[in-house]
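For reference, the structure discussed in these notes is given below.
The values are calculated or read from the model by the stated rules, or taken from the named source; none is laboratory data. Treat the numbers as computed from the prediction; the structure is a model and nothing was measured. Neighbour counts run over all protein chains shown; Cβ positions are idealised from the backbone, glycine included.
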Amino acid sequence: MLNHGRRHDRIPSLQLRHIDIQGNRHQPAIVQPRIEHTVKTPNRLQPLVEDGLVDEVIRPLMSGKEADVFIVRCGSKIRCAKIYKDALKRSFKKAAQYTEGRKVRNSRRARAIEKGSKFGRKQQEDTWQNAEVDALYRLARAGVRVPEPYGCFDGVLLMELITDENGDVAPRLNEVSMSAEQAREDHALMMHYVMRMLCAGLVHGDLSEFNVLVDESGPVIIDLPQAVDAAANNNARSMLERDVRNMSDYYGQFAPELRDTHYAEEMWALYEEGELHPDRELTGQFAVDTHSADVDGVMLEIKAALAEEESRRQRLRDAEEED
Ligand SMILES: Nc1ncnc2c1ncn2[C@@H]1O[C@H](COP(=O)(O)OP(=O)(O)OP(=O)(O)O)[C@@H](O)[C@H]1O
Ligand SMILES: [Mg+2]
């Protein structure tokens, strides 16, 4: 099975080491979820604390471009709270490219978004924030390993905190190195996840080694607010190709032959033919059409058709004159 005997190493330069008074190097001082002291509750988490959804804020985990992520305690469980930054502070430039084809179920809401009113902007924000929690529920159901979602409240997504085999916060893919064998195994699993996502009608749209964590059972896909609707978005195919290329290039550092695979093209062709299903075995092979178009031949045929049409008209004119 894929979920035992993992051989990932954190890249040493990225480990948080410190030296004690004797000068001994300690093991990496990676964040321990079971931290005793708590930090002041950020304003955005206050309503969740008041509603009893969060019992305490343990510590900030990461401040990203789109969101601030905190480790929190909910009852006896340690979880992760992702606080979305508002649109003005976000540096997400290509929003239109991603939201194309995204369905807004409520028509009043859809009209407001279209008009761009203040209410519309608020609704757009909510749609954006709900997109991630919706995608997480959908993907978990589709058998893709993502953090388990616990809902999105006031612009805060509560989800499972992904940890490694020691109970430390899981590293991102860009922070680990692995053997060629492990890379092949994880790449195959990742392609399987991407395929299942497509079967569920979604393309991640920002899949890279920065948006994948690694736990005991392998890659865990995160960061999905921009996931696109595969059937309705015209950019879905190119985004799928980019996502898959990023993954094949990343795992290809450890097993170079992975760079020469064509999973995106294979998946998309099957998807378009209605032949893609969650247990489909993929090969990574795809016959790319290398024949260049026979432009000269096509031009000759067009000219011949035009000449034939012209002589038909001439015959008609001749016949009319004869009458
Ligand atoms: N469920 C989780 N468990 C553990 N760590 C997480 C989890 N979700 C997010 N993180 C950490 O927080 C970081 C930021 O999360 P995420 O990528 O979802 O937000 P973001 O603001 O869109 O980030 P960026 O703009 O940097 O991509 C991740 O790179 C990861 O290190
Ligand atoms: Mg991210």
Between a residue in the range 217-228 that is under 24 Å from Gln182 (Cα atoms) and any residue that is within 8 Å of ligand 1 (Cβ to nearest atom) and among the aliphatic types (A, V, I, L, M), which pairs come within a Cβ distance under 7 Å, given they are 6 or more apart or on different chains? Val220/Ile162; Val220/Ala170; Val220/Leu213; Ile222/Leu213
Taking interchain pairs and intrachain pairs at least six residues apart, which have beta carbon atoms under 7 angstrom, with the first residue in the range 140-166 and on the phi > 0 side of the Ramachandran plot and the second in a strand (DSSP E or B)? Gly151/Leu158; Gly155/Ile83; Gly155/Tyr84
Name the single residue that is nearest to Val39 (Cα to Cα) among those in the range 57-77 being at pLDDT below 95 and outside any strand (DSSP E or B). Gly64
What number of residues within the range 49-63 are within 13 Å of ligand 1 (Cβ to nearest atom) and free of Cβ contacts under 8 Å to residues at least 40 places away in the same chain? 5
Within the range 284-297, residues loosely packed, with under 10 Cβ neighbours inside 10 Å and either at pLDDT 85 or above or of a type in the set (A, V, I, L, M) (or both) come out as Ala287, Val288, Ala293, Val295
I need the full set of residues from the range 65-87 which are over 14 Å from Arg44 (Cβ atoms) and away from ligand 2 (no atom under 12 Å from the Cβ), in order please. Ile71, Arg73, Cys74, Gly75, Ser76, Lys77, Ile78, Arg79, Cys80, Ala87
Which fully enclosed strands (runs of 3 or more DSSP E) of the range 152-242 have 3 or more residues being at pLDDT 95 or above and among the aliphatic types (A, V, I, L, M)? 156-160, 212-215
Pick out the one residue from Gly205, Gly284, Gly252, Gly218 that is more than 16 Å from ligand 1 (Cβ to nearest atom) and either among the charged types (D, E, K, R) or in the same structural domain as Gly143 (by TED's automatic domain parsing) (or both). Gly252
Would you point out which residue out of Arg259, Arg280, Arg315 is free of Cβ contacts under 8 Å to residues at least 60 places away in the same chain, touching a helix residue (DSSP H, G or I) at 6+ places or on another chain (Cβ under 8 Å) and among the basic types (Lys, Arg)? Arg259
For Arg145, indicate whether it is at pLDDT 95 or above, within 18 Å of the chain's Cα centre (by Cα) and surrounded by fewer than 16 Cβ atoms within 10 Å (Cβ to Cβ). no
The lone condition Leu202 fails out of (1) more than 16 Å from ligand 2 (Cβ to nearest atom); (2) surrounded by fewer than 21 Cβ atoms within 10 Å (Cβ to Cβ) is (2)
